[in-house]
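Readers should treat all values here as calculations from the given coordinates under stated rules, not as data from a laboratory. Everything numeric here is computed off the predicted structure, so don't read it as measured data. Note that we place each Cβ from the backbone using ideal geometry, even for glycine, and neighbour counts take in every protein chain shown.
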């Protein structure tokens, strides 16, 4: 696929010539894999090599003399994309033939269109990307928004690379969170849902948790003697009392129904444990109740995700793994290994022993963790834990997939490693390198401390709605002549794109600080800024009216033109690096840089009023290629590119 990679053709030519020359002059020298880098300034070329310094250490010659010697031989060879080669202070600098690179880049973009830059892999894999997978006990919030946006972008990128990708949502319907909602919903008398269901059940979850917490704290305070501990408990009680006041102000009648029900129950936690037990065992009434709650919550999730144009190929219910016997089968297989034992009625998996015997302890857990925690597979009451069910789920995943990518919070690192160890014990050898925990960090809103249990969070719906409202106001201000339908359509693309971009623009392992002035920035490093650059390119092409017919790329003499050509030519390389390393932030960085370069180009150089037709056509082709590349780059991230803004 090198032919579809313009800058790659230049890079390959440079590599070939330098390797050929080294083998001729220094035949015994072991040539390293990476011998070319980007110089600090275009004045030092478009690619450079420091290989002469390595040769100097081996052959005890002056690096500058080596560079001069190599360049002298390289210049005797034939070139296609290389314009000039020079030796400077021990470095070998390669300069690209700009007209040829421009012709190659523009030609490919014109020929391939929406597929330009999207180079297919030589080794396509079957990949499951599991993402979002939020507990169906309340609305998707800012944190799960990042999960969904990251997962969706990864799936789009991998599919564009030629992999066979399935996007899955794991429905966590077994466990305490959903059981807590079921308990609270029963206390309310199971009323008809008259609002967005995930918001409705989110209130029930928070109210029930709050009421139980206050009851439990009061009971502890009545028994405690330690003054320091008493102070700590009273402070926590004060916090939850404040939450109760907030909840009362939202839905007073419902809150007090739950409050009264919890306080009349001698042991609410025991009641909830009974719900968990009954659901896992498939008790009909409990099954019907929880299924009703979860299905309603998922309906709310789908509505939210549809706003962001995020879709799934499969919704996998955790309970199905239990009821279909998949979890029991996984447990039985593990029991046949020497790593599972019973302690105090619970079934335990010795992760440390397993990792050591398999020879993967250091690779998985590192050397700093002195003792790897054991994994409880089955509690003494016979109920299973989340990771136990996850083992069964991944046995099912790997029956089809070559690779499984789990977009899961960084706090789940240990659980994901325990899961991987269990799969290796069960003979799923490919899990060692092909089960990928795509860990991500939190989303922070300045001056706002989020807590799901206390009902203090910003929902994904609120982020999207606010972004679209702000985008609508900005679009109306900038383009008052657009009709209402156009403004709304553009505002949606800009608003959704803005939220997605800010979640993707930093490494997943870094915290996102969400501020509106940064999210909806039309002037720098934000989706609206890049979309605006695309709209400007579209506007120039509309004004041109006729297609460029006779471009002369040798007339592109300005450094800004060269910078734009080189940036456009590098898109295929950036795409491959971003996908193969699962780094969507490389694409946001590239798109922002291209917008910067393009804005400098069109601001300082006339396009439609160029000195002559051949130059005008050449610049128009660069504008057209910029439009194509910006569309392709943002589309990989699930961000739309309006033609007008």
(message) Among 481-488, 194-201, 162-169, 506-513, how do they line up by average Cβ neighbours within 10 Å per residue, starting with the highest?
(response) 162-169, 194-201, 506-513, 481-488
(request) State the extension gain, in nm to one decimal, for the chain segment bounded by residue 53 and residue 260, taking 0.36 nm per residue of separation less the distance between their alpha-carbons. (result) 66.7 nm
(request) Give me the angle, in degrees from 0 to 90, between the Cα long axis of helix 326-335 and the longest principal axis of the Cα atoms of the chain, rounded to the nearest 10. (result) 90 degrees
(request) In nm, give the distance between the simple-model label positions of residue 381 and residue 429, each being 7 Å from the Cα along the Cα-to-Cβ direction. (result) 4.2 nm
(request) Take the Cβ-Cβ distance between residue 224 and residue 400 as r, set R0 to 41 Å, and report the resulting FRET efficiency rounded to the nearest 0.05. (result) 0.15
(message) Please state the shape class of the range 2-96: rounded when a/c is under 1.5, otherwise prolate if a/b exceeds b/c and oblate if not, all from the C-alpha gyration tensor.
(response) prolate
(message) What whole-number distance in Å separates the alpha-carbon centres of the range 97-164 and the range 588-645?
(response) 21 Å
(request) Take every Cα pair under 8 Å in the range 2-96 that's 6+ residues apart, average their separations, divide by the length, and report that relative contact order as a whole percent. (result) 30 percent
(message) Whole angstrom only: what separates the Cα centroid of the range 343-362 from the Cα centroid of the range 277-314?
(response) 34 Å
(message) As an exercise, take the mean of 1/r over every pair of distinct alpha carbons in the range 460-636, invert it, and state the Kirkwood radius in angstroms.
(response) 17.3 Å
(message) Quick check on the range 189-322: what are the equivalent-ellipsoid semi-axes from the Cα gyration tensor, as sqrt(5λ), descending, whole Å?
(response) 32, 20, 15
(request) Please determine, in degrees from 0 to 90 and to the nearest 10, the orientation of helix 613-636 with respect to the longest principal axis defined by the Cα atoms of the chain, where the helix direction is its Cα long axis. (result) 20 degrees
(request) Please find the FRET efficiency linking residue 19 to residue 239, where r is the Cβ-Cβ separation and R0 is fixed at 60 Å, and quote it to the nearest 0.05. (result) 0.35
(message) Run the simple label-point estimate for residue 299 and residue 612 please: 7 Å along Cα→C-beta, distance reported in nm.
(response) 6.9 nm
(request) Output the direction-averaged projected area (hull surface divided by four) of the convex hull of the alpha-carbon atoms of the range 108-214, in nm². (result) 10.0 nm²
(request) Give me the angle, in degrees from 0 to 90, between the Cα long axis of helix 584-604 and the longest principal axis of the Cα atoms of the chain, rounded to the nearest 10. (result) 40 degrees
(message) Once you keep just the Cα pairs under 8 angstrom separated by 6 or more residues, what percentage relative contact order results for the chain?
(response) 17 percent
(request) Report the full-extension gain for the segment residue 466 to residue 76: residue separation times 0.36 nm, less the Cα-Cα distance, to one decimal in nm. (result) 134.1 nm
(request) Report the FRET efficiency, 1/(1 + (r/R0)^6), for residue 481 and residue 120, where r is their Cβ-Cβ distance and R0 is 45 Å, rounded to 0.05. (result) 0.60
(request) Could you please rank 66, 436, placing first whichever residue has the fewest other Cβ atoms within 10 Å of its Cβ? (result) 436, 66
(message) Given the chain, report the % of alpha carbon pairs whose separation exceeds 32 Å.
(response) 61 percent
(request) Order the peptides 34-43, 624-633, 221-230 from the highest to the lowest mean number of other Cβ atoms within 10 Å of their residues. (result) 624-633, 34-43, 221-230
